[in-house]
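Remarks on the structure that follows.
The values are calculated or read from the model by the stated rules, or taken from the named source; none is laboratory data. What you see is a predicted model; the values in this text were computed from it and never measured. Positions of Cβ are generated from backbone atoms using ideal geometry, with glycine treated the same way; all protein chains shown enter the neighbour counts. The area values use the complete protein model at the heavy-atom level, side chains included, leaving out ligands, DNA and RNA. Shrake-Rupley method; radii C 1.70, N 1.55, O 1.52, S 1.80 Å.
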Amino acid sequence: QLQLVESGGDLVQPGGSLRLSCAASGFTLDYYAIGWFRQAPGKEREGVGCYSSRDDSAYIADFVKGRFTISRDNAKNTVYLQMNSLKPEDSGVYYCAAAVGATVQAMCIISPTTEDYFDSWGQGTQVTVSS
């Protein structure tokens, strides 16, 4: 059974860093795209980036580019979201999602913030950026 578990959320001061983990079980990350999304209270969920196993690359949303990166650890079957220079507006629940197939892999590259093709989601982890 495919399962995603996020962890690493915390309370952090503005300017700080966090690394979120998305541990996958029941499948290997090969052939999958992994997306990272967030949702702040009262706001719609938005994508912050996507990892494509097709080219082993990460694609980051423009509004967090330069501060957020995505990486993969094959041995741990885990994808990470490294967040630096955090701002209060980065607060929210962060989710990872997975999908397999050529379409989602292509969309990960073309539109890394779209969630349309992801069909397996984790439970989320809370990130709060506040002094």
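The condition of being part of a strand (DSSP E or B), open to solvent by 50 Å² or more (accessible area, probe 1.4 Å) and of a type in the set (Gly, Ala, Ser) does not hold for residue 131.
Being part of a helix (DSSP H, G or I), of a type in the set (Asp, Glu) and in contact with a strand residue (DSSP E or B) (Cβ under 9 Å, 6 or more places away or on another chain), is that true of even one residue in the range 101-124?
Looking through the range 101-124, none of the residues is part of a helix (DSSP H, G or I), of a type in the set (Asp, Glu) and in contact with a strand residue (DSSP E or B) (Cβ under 9 Å, 6 or more places away or on another chain).
Of all residues in the range 91-101, those satisfying the criterion of being touching a Lys or Arg at 6+ places or on another chain (Cβ under 8 Å) and open to solvent by 10 Å² or more (accessible area, probe 1.4 Å) are 93, 95. Scanning the range 1-58 for residues being part of a loop (DSSP other than H, G, I, E, B), among the polar types (S, T, N, Q) and either within 23 Å of residue 87 (Cα to Cα) or open to solvent by 50 Å² or more (accessible area, probe 1.4 Å) (or both) gives a total of 4. For the range 107-123, the criterion of being in contact with a Pro (Cβ under 7 Å, 6 or more places away or on another chain), over 17 Å from residue 4 (Cα atoms) and among the hydroxyl-bearing types (Ser, Thr, Tyr) is met by none of the residues. Would you confirm, using the coordinates I've provided, whether residue 11 is within 19 Å of residue 117 (Cα to Cα) and either in contact with a strand residue (DSSP E or B) (Cβ under 7 Å, 6 or more places away or on another chain) or modelled with pLDDT under 95 (or both)? Here the answer is no, as residue 11 does not meet what is asked. Residue 105 meets the conditions (1) farther than 19 Å from residue 123 by Cβ; (2) open to solvent by 50 Å² or more (accessible area, probe 1.4 Å) in every case but one. The failed one is (2).
Quick check on the range 59-90: of everything there that is in a loop (DSSP other than H, G, I, E, B) and within 21 Å of residue 4 (Cα to Cα), which residue is most open to solvent (accessible area, probe 1.4 Å)?
The qualifying residue most open to solvent (accessible area, probe 1.4 Å) is 76.
For first residues located in the range 71-99 and over 21 Å from residue 39 (Cβ atoms), partners that are open to solvent by less than 10 Å² (accessible area, probe 1.4 Å) and not in a strand (DSSP E or B) and lie 6+ apart or on another chain with Cβ distances below 8 Å form the pairs 72/29; 74/29; 77/29.
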